[in-house]
1. Considering only region 339-350, I want to know if a residue exists there that is in contact with a helix residue (DSSP H, G or I) (Cβ under 8 Å, 6 or more places away or on another chain) and part of a loop (DSSP other than H, G, I, E, B).
2. Of all residues in region 160-180 being more than 30 Å from Leu134 (Cβ to Cβ), among the small types (Gly, Ala, Ser) and part of a strand (DSSP E or B), which is farthest from the chain's Cα centre (by Cα)?
3. Checking the condition hydrophobic (A, V, I, L, M, F, W, C), in the same structural domain as Gly361 (by TED's automatic domain parsing) and not in a loop (DSSP other than H, G, I, E, B), which residue from Ala109, Ala97 passes?
4. Residue pairs, Cβ under 6 Å, 6 or more apart or interchain, first in region 84-108 and more than 15 Å from Leu73 (Cα to Cα), second small (Gly, Ala, Ser). List them.
5. What tally of residues in region 30-82 results from selecting those that are over 24 Å from Asp132 (Cβ atoms) and of a type in the set (Phe, Trp, Tyr)?
6. Sort out which residues of region 152-181 are surrounded by fewer than 24 Cβ atoms within 10 Å (Cβ to Cβ) and under 17 Å from Thr258 (Cα atoms), and write them in order of number.
7. In the list Val75, Val65, which residue meets the criterion of being part of a helix (DSSP H, G or I), touching an Asp or Glu at 6+ places or on another chain (Cβ under 6 Å), of a type in the set (Val, Ile, Thr) and in contact (Cβ under 8 Å) with a residue 12 or more places away in the chain?
8. Might you check whether a residue that is surrounded by 24 or more Cβ atoms within 10 Å (Cβ to Cβ) and within 15 Å of Ala333 (Cβ to Cβ) occurs anywhere in region 58-66?
Amino acid sequence: MALKIAVARETAAGERRVALDPDAVSRVRALGAEVLIETGAGQAGWFSDQAYASAGARVLDRATVLAEADVLLSVMRPAPDVLKALRPGQTVIGLLAPLTNPKLIRTLADKGVTAISLDGLPRTLSRAQGMDALSSQANVAGYRAVLLAASHFGRFFPLLITAAGTSKPASVLVLGAGVAGLQAIGTARRLGAVVSGYDVRPAAREEVQSLGAKFVELTTSIAASGEGGYARELTSAERDAQQAELSAHISRQDIVITTAQVPGRTPPLLVTAEAVAAMGPGSVIVDMAASELGGNVAGSVAGETIVTPNGVTVIGAPNLPSDMATSASQTYARNISALLKHLIGEGGALEVDLTDEITQGVVVTQAGQVVHAATAAALGGSA
């Protein structure tokens with residue numbers, strides 16, 4: 001009997017993505033699996049039920065999809081009604097953020113559900129790159145952040161020389177030169193802005209400069225490369241020294257985009273209240289790290305746009321990929337289908353081999369246990 005891989009419509013507020021697009025349905029079916037899609041699951045991303053049906057999926061109501069699924073694909077954490085409907089032996093795959101959702105992980109373990117989270121993918125493995133959903137979604141987010149900033153900025157981005165006079169280019173500073181930051185730098189450059197970038201990792205200098213941007217040099221620069229391609233969390237003394245010097249650079253910018261996150265931890269504060277107050281009226285800040293845990297910018301609120309008394313627009317933008325649901329869903333679906341290809345054996349069954357480095361990184365719960373070491377430690381246990 002074919003493995004049934006299902007997609008339910010995302011119901012979280014503001015979430016418009018879908019875990020599989022019609023093109024990915026064909027790739028998953030090629031693995032020997034049957035694909036079930038909830039009616040309307042792709043509508044917000046402009047994927048019609050007819051397109052899914054034409055690709056070979058069965059388009060069904062929500063209750064049937066949840067009841068028949070062997071593997072349930074999601075973008076973010078499963079909705080409450082999905083959690084309630086899950087049964088032992090089922091598998092859930094998505095961006096589950098296990099380190100910040102311990103109750104969810106405990107619930108999935110207690111239900112006997114195998115939880116697989118793309119957050120834990122070993123990103124430095126070349127064979128895992130096609131599965132790297134964090135990078136694919138960060139790429140979308142970095143691009144969208146610049147467009148969002150431009151839409152709130154009252155001037156042109158490029159240098160324009162017209163009969164009516166000359167408009168100087170906007171100055172853009174991107175803090176954090178990971179995937180999202182580099183995409184933001186490249187996009188802002190293509191729009192004609194004068195762009196600079198900063199990151200605590202020394203290796204980021206060449207990447208920033210390769211995009212034609214200036215790398216911000218701080219006399220208080222601290223090497224802070226961490227594991228897995230992330231920056232490590234700075235000490236309080238390191239943060240204070242960095243912020244004091246960085247604030248002087250921030251005050252001269254028209255637009256600041258912040259991207260710095262530490263997995264499972266409160267994002268570092270990079271733009272202080274004093275730095276915001278020193279910026280000119282009409283300036284724009286996009287805080288891509290804004291979340292319920294905090295953000296990179298003092299006063300930013302996830303999902304809200306605030307104009308400060310001195311005329312600075314501060315945008316808390318935690319889920320920018322959802323604003324570009326079509327492209328974000330297409331890239332995420334490629335990641336999901338690549339992971340499924342890795343996990344589904346020749347016999348068409350899901351094979352969870354915890355001796356494999358990729359599988360070990362993404363599998364969080366199995367057979368009623370939390371098997372992911374970092375998540376188990378966060379829950380106070382051991383794996």
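The values are calculated or read from the model by the stated rules, or taken from the named source; none is laboratory data. Bear in mind that the values here come from a model prediction, so they are computed numbers and not experimental data. Positions of Cβ are generated from backbone atoms using ideal geometry, with glycine treated the same way; all protein chains shown enter the neighbour counts.
1. Among the residues of region 339-350, not one is in contact with a helix residue (DSSP H, G or I) (Cβ under 8 Å, 6 or more places away or on another chain) and part of a loop (DSSP other than H, G, I, E, B), which makes the answer no.
2. Ranking the candidates gives Gly165 first.
3. Within the list Ala109, Ala97, the selection yields Ala109.
4. Taking only residues 6 or more apart or on different chains, the pairs are Pro88/Gly112; Pro98/Ser117; Leu99/Gly264; Leu99/Ala378; Thr100/Gly264; Pro102/Ala378.
5. Number satisfying all stated conditions: 2.
6. Passing the criteria: His152, Phe153, Ser171, Gly178, Val179.
7. Values: Val75 fails: part of a helix (DSSP H, G or I).
Val65 is the lone residue from the list that is part of a helix (DSSP H, G or I), touching an Asp or Glu at 6+ places or on another chain (Cβ under 6 Å), of a type in the set (Val, Ile, Thr) and in contact (Cβ under 8 Å) with a residue 12 or more places away in the chain.
8. No, region 58-66 contains no residue that is surrounded by 24 or more Cβ atoms within 10 Å (Cβ to Cβ) and within 15 Å of Ala333 (Cβ to Cβ).
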